[in-house]
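The values are calculated or read from the model by the stated rules, or taken from the named source; none is laboratory data. The shown structure was predicted, so the numbers you read here are calculated from the model rather than taken from an experiment. Because the Cβ atoms are built from the backbone with ideal geometry, glycine has one as well, and the counts that use them run over all protein chains shown.
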Amino acid sequence: MTGAVAWLLGVAIVALLAAVAIRRTAGLTRRTRQLERLQADVVGISQRLAAIVDPLVGSLDEVRRGAGDPAGAGAAAEAARTALQALGRETRALRPPAALTDRVASLAWEVDRAARSADLAAHGLAQVGRARHETDTEAQTSLKRGTLGLRHAREAVTRVMVEVARLRPADLRAMPAAAEGGADAGPAGALPEDDLPLGAGGPPDP
């Protein structure tokens, strides 16, 4: 009788250990799939943002040097704003692992910052088109701040992409669940001058 009890106890222990192992394997598989899906999504968002922002920044730099066409750049800025707003909605719809909600919130904030910066640049370009001289203070301020905002957003999105790409499934298990940030909170170190309302701000730096 004692031997039978011991045998049954041994079988129960083995079954319990097997169940724990299966559960851990299933959890690792789930985390792996979630992370891989998020990594692919973040890479795609970063690449699409770059494809929108980089040509626009080049056009804005040309206008600021007096070598570009403000009307053409203005149309490009309006189109970029629309595309970035759509990209922002797509980013906010991502469903990341709980430990990475703060990264996705930061990513969405940066995409939204790029859209606001494109709007600000479009405002400056419209002012340039109406001004007699391209040295119009309000226009140049909007152009400069819009361009800087686009550059900063582009760099920040790249940093988030690199950080997420380096993660492994085991890293998620060690990370605490992150609290979701508000839509307007912004990441630490965000520059307030990138998010001024249209027409705001003082004269440009020398």
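Tallying residues that are of a type outside the set (S, T, Y) and over 28 Å from V164 (Cβ atoms) within the range 48-78 yields 19. Could you identify the single residue in V128, V111, V162 that is at pLDDT 90 or above, aliphatic (A, V, I, L, M) and either farther than 30 Å from L100 by Cα or surrounded by 22 or more Cβ atoms within 10 Å (Cβ to Cβ) (or both)? Of V128, V111, V162, the one residue that is at pLDDT 90 or above, aliphatic (A, V, I, L, M) and either farther than 30 Å from L100 by Cα or surrounded by 22 or more Cβ atoms within 10 Å (Cβ to Cβ) (or both) is V111. The lone criterion from (1) exposed (fewer than 13 other Cβ atoms within 10 Å of the Cβ); (2) modelled with pLDDT under 95 left unmet by R37 is number (1).
Among residues of the range 152-172 that are under 20 Å from L49 (Cα atoms), those with a Cβ under 6 angstrom from a residue that is among the polar types (S, T, N, Q) and surrounded by fewer than 20 Cβ atoms within 10 Å (Cβ to Cβ), sequence gap 6+ or separate chain, pair up as V164/Q39; A165/Q39.
Checked against (1) among the β-branched types (V, I, T); (2) more than 30 Å from R168 (Cα to Cα); (3) surrounded by 21 or more Cβ atoms within 10 Å (Cβ to Cβ), I52 passes all but condition (2). From the list G72, G124, G66, the one residue that fits, being over 24 Å from the mean Cα position of the chain (by Cα) and not in a helix (DSSP H, G or I), is G66.
For the range 75-116, the set of residues classified as of a type in the set (D, E, K, R) and assigned to a loop (DSSP other than H, G, I, E, B) consists of R95 only. Residue-level analysis places T141 outside the set of residues that are among the polar types (S, T, N, Q), more than 16 Å from the chain's Cα centre (by Cα) and modelled with pLDDT of 95 or more.
One residue is enough: does the range 88-102 have a residue meeting the conditions over 16 Å from R48 (Cα atoms), buried (at least 17 other Cβ atoms within 10 Å of the Cβ), hydrophobic (A, V, I, L, M, F, W, C) and in contact (Cβ under 8 Å) with a residue 12 or more places away in the chain? Yes, the conditions are met somewhere in the range 88-102.
Of the residues E134, E155, E193, E180, the single one that is of a type outside the set (A, V, I, L, M, F, W, C), part of a helix (DSSP H, G or I), surrounded by fewer than 22 Cβ atoms within 10 Å (Cβ to Cβ) and modelled with pLDDT under 95 is E193.
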